[in-house]
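First comes the structure, then the notes that go with it.
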Amino acid sequence: MKIHTILAAATAAAIATTAIAHEGATGIVLERMKAMSAMREAVKEMTPMMRGQVQYDADAVRAAAQTIESHAGQAMIELFPEDASREKSYAKDALWQDFDRFADLAMQLETQTRGLALAAANGLGGDQGGSGGMMGTSSMMGQDTSAMMGGASGDTLSAEALADMPADAVFEKVSQTCSACHTPYRTKPE
Amino acid sequence: MRVLTLVSAAAGLAALGLVAVIAWPVGSVPAPIELTGDSQRGAYLARAGGCIACHTNWDEGGPPLAGGAPLETRFGTFHPPNLTMSASAGMGNWTITQFARAVRQGVSPDGASYYPTFPYAFYANLTDQDIADLWAAFQTVPAVDTPAPDNEVPFPFDQRWGLKLWRAAFLPAPRTEPVEGKSDPWNQGRWLVEGVTHCGACHTPRNIAGARVMAQKFTGADALPGQDKSPAITPDALAENGWTRDDLAYALQSGIMPNGDTFGGGMGEVVRHGTSFLTDADRRAIATYLLDEDG
């Protein structure tokens, strides 16, 4: 009986800590975790629309894109000062070793989410959603072997160029940028 | 006296054994491949197989397939070589047969064994047509004449002949053959997951010799290159973490997990340079097989 209650409480506590992984962090580390989490929520809100699981809502996409944009670029860079305490932080030291590249990715995220806000009105691209159809990577599935074999990726398109693309194609560029920065500069909890 | 003779006999034998191991030929010379390759399909396989991900230094903006970012492992630092058609720095002077032997058997043109950091074990079941397609795709890549740096592997792991013993003890054959009674997508997923997309290279734990522990397949691994850790991707673990087939297929396309967070670590690269280029059907096949659902 009692064991059960304790177990249940322990499980609940475990769930609670995974939900707020930044528990224990303070100061600027906590601040950037909150910013990242706000971006995660924005991505989570847009995902079902981009997957065609719920009705597409251009205004909601624009607003979510702007939320991410507000946390990207200079705002993000300023939350990673080299001299601040890194206690409870999951950022890798490599981030400060090649800070220029980190900053480039933060700026790229800003450009891409500005592009996404502009592209929101375009709606979804292919009938399949995702990588089919006319998105930036589409040429790689077509005749262009050079891009498929690792040539130009279109990661650095301007917001204006992105504005002409289907929203789901721009959205995927955004998510790949989150991931491109997490790959070298963030470790996983546990 | 006697002891000394014994010792020197043993030493002599050991030396002989060593010479034998060093001279022992590994792999086999494949029959010549005379098929015409389809470069588009080859490029697709090169995405699925991670050749482009690993052999391109994306962080430094390096040219495609001209040599990858260093892989730091507990055996040393490996530099994925230049695979362009440069005669001096890449595969310009290779024959397709040498290429086939390298990719399917992990044996170099001069008969040396490659380190398993190159996941050739997963490519063993590629057909002659697959190899011809890959070879055709590599011909389209602009040649780069700068060789990749040499591996930095300390003694004793720098002794390539030791890899022959490793191969004899640990080289598992990929289990890509179709299973009767399973759906086509499931079997296609099996071909991809167990073979060319080499999910097990990072998601199956390794023993002290760096060989995969097959009894613990897909239960997650630590000590991946760059101190990376991977979670379990067994059907149970995936179900427990709330993954559905559609979520998984979408994550392999976009890098987005069900909670809105995105992949980091090696998985980010697998998706960005690999699975995001696959067809929806193939990503769903991977998810179908991993979750062991019917298609």
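The values are calculated or read from the model by the stated rules, or taken from the named source; none is laboratory data. The shown structure was predicted, so the numbers you read here are calculated from the model rather than taken from an experiment. Cβ: placed from backbone, ideal geometry, glycine included. Neighbour counts: every protein chain shown. The accessibility values were calculated without ligands, DNA or RNA, using every heavy atom of the protein model including side chains. Shrake-Rupley method; radii C 1.70, N 1.55, O 1.52, S 1.80 Å.
With a length cut of 18 Å (Cα positions projected on each helix's long axis) and a Kyte-Doolittle mean of at least 1.6, go through chain B and give me the DSSP H helices that pass.
Values: long enough: B:2-23 (31 Å, 2.10).
Those that pass (Cα extent of 18 Å or more, hydropathy at least 1.6) are B:2-23.
Please list, ordered by chain and number, the residues whose modelled amide H lies under 5 Å from the amide H of A:Arg186; skip anything fewer than 5 residues away on the same chain.
The list, which skips near neighbours in sequence, is A:Lys92, B:Gly265.
Quick one: which residues, 5+ away or cross-chain, put their amide H under 5 Å from the amide H of A:Ser89? H built at 1.01 Å from N.
none
Do me a favour and compute the ellipsoid semi-axes for the protein assembly as shown from its Cα gyration tensor, root of five times each eigenvalue, largest one first, whole Å.
Numbers: eigenvalues 324, 158, 109 Å².
Taking √(5λ) for each eigenvalue gives 40, 28, 23 Å, largest first.
Given the -39500 (n - 2.57) contribution per DSSP H run of 4+ residues, what per-residue ellipticity at 222 nm results for chain B, rounded to the nearest 500 deg cm²/dmol? List each step's numbers first, then the result.
On the way: 12 runs with 115 residues, N = 295.
My calculation for chain B gives -11500 deg cm²/dmol from helical runs alone.
If I take every Cα pair under 8 Å that is 6 or more residues apart in chain B, average their sequence separation and divide by the length, what percent do I get for the relative contact order?
On the way: 522 pairs, mean separation 56.0, N = 295.
With pairs under 8 Å counted, the relative contact order is 19 percent.
Applying the Karplus parametrisation 6.51 cos²θ - 1.76 cosθ + 1.60 with θ = phi - 60° to the phi angles of the stretch B:217-225, what ³J(HN,Hα) value in whole Hz is obtained for each residue in order, glycine and proline being reported as x?
3, 6, 8, x, 9, 10, 6, 6, x
Rounded to two decimal places and with Rh computed the Kirkwood way over Cα pairs, what is Rg over Rh for the stretch B:39-170?
On the way: Rg = 14.3 Å, Rh = 15.1 Å.
Ratio value, two decimals: 0.95.
Take the alpha carbon atoms of the stretch A:167-190, find their center, do the same for the stretch B:42-86, and report the distance between the two centers in whole angstrom.
Taking the Cα centre of each part, the stretch A:167-190 and the stretch B:42-86 sit 20 Å apart.
Pop a pseudo-label 7 angstrom from the Cα along the beta-carbon direction at both A:Lys88 and B:Val179 and give the gap in nm to one decimal.
For the pair A:Lys88/B:Val179, the computed spacing is 4.5 nm.
Students sometimes get this wrong: rank B:Asp110, B:Asp158 by accessible area, probe 1.4 Å, all chains present, largest first. All intermediate terms of the calculation are to be shown ahead of the outcome.
Numbers: B:Asp110 130, B:Asp158 65 Å².
Final ranking, largest accessible area leading: B:Asp110, B:Asp158.
Determine one quarter of the surface area of the Cα convex hull of the stretch A:32-76, which equals its mean projected area, and express it in nm² to one decimal.
Details: hull surface 11.8 nm².
Dividing the Cα hull surface by four gives the mean projection, 2.9 nm².
Per residue, what volume in Å³ does the convex hull of the Cα atoms of the stretch B:232-292 enclose? Display every interim value, and only then the final one.
Values: hull volume 4.3 nm³, N = 61.
Dividing the Cα hull volume of the stretch B:232-292 by its residues yields 70 Å³.
For the pair B and A, how large is the buried accessible area, both sides, in square angstrom to the nearest 100, if the probe is 1.4 Å? Mind dumping the intermediate values first?
Details: alone 15410 and 11170 Å², together 23530 Å².
In total, this chain pair buries about 3100 Å².
Using the Karplus curve 6.51 cos²θ - 1.76 cosθ + 1.60 with θ = phi - 60°, what ³J(HN,Hα) values do you get for each residue of the stretch B:195-202, in whole Hz, with x for Gly and Pro?
x, 4, 7, 6, 4, x, 4, 10
Is there a pair in B:Lys182/B:Lys217; A:Lys173/B:Lys182; A:Lys88/A:Lys173; A:Lys188/B:Lys182; A:Lys92/B:Lys217; A:Lys92/A:Lys173 whose C-alpha atoms are over 31 Å apart, and which pairs would that be? Could the numbers behind the result be given before it?
Details: B:Lys182/B:Lys217 20 Å; A:Lys173/B:Lys182 35 Å; A:Lys88/A:Lys173 29 Å; A:Lys188/B:Lys182 36 Å; A:Lys92/B:Lys217 29 Å; A:Lys92/A:Lys173 23 Å.
Over 31 Å Cα-Cα: A:Lys173/B:Lys182; A:Lys188/B:Lys182.
Starting from a Cα-only point model with no solvent, please compute log10 I(q)/I(0) by Debye for the stretch B:184-291 at q = 0.12, 0.13, 0.15, 0.23 1/Å.
Those come out to -0.37, -0.44, -0.60, -1.45, one per q.
At 20 °C and a viscosity of 1.002 mPa s, what translational diffusion coefficient does Stokes-Einstein give for chain B, taking Rh as the Kirkwood radius over Cα pairs? Give it in µm²/s as a whole number. Please report the intermediate quantities before stating the final value.
Values: Rh = 20.5 Å.
Translational diffusion coefficient: 105 µm²/s.
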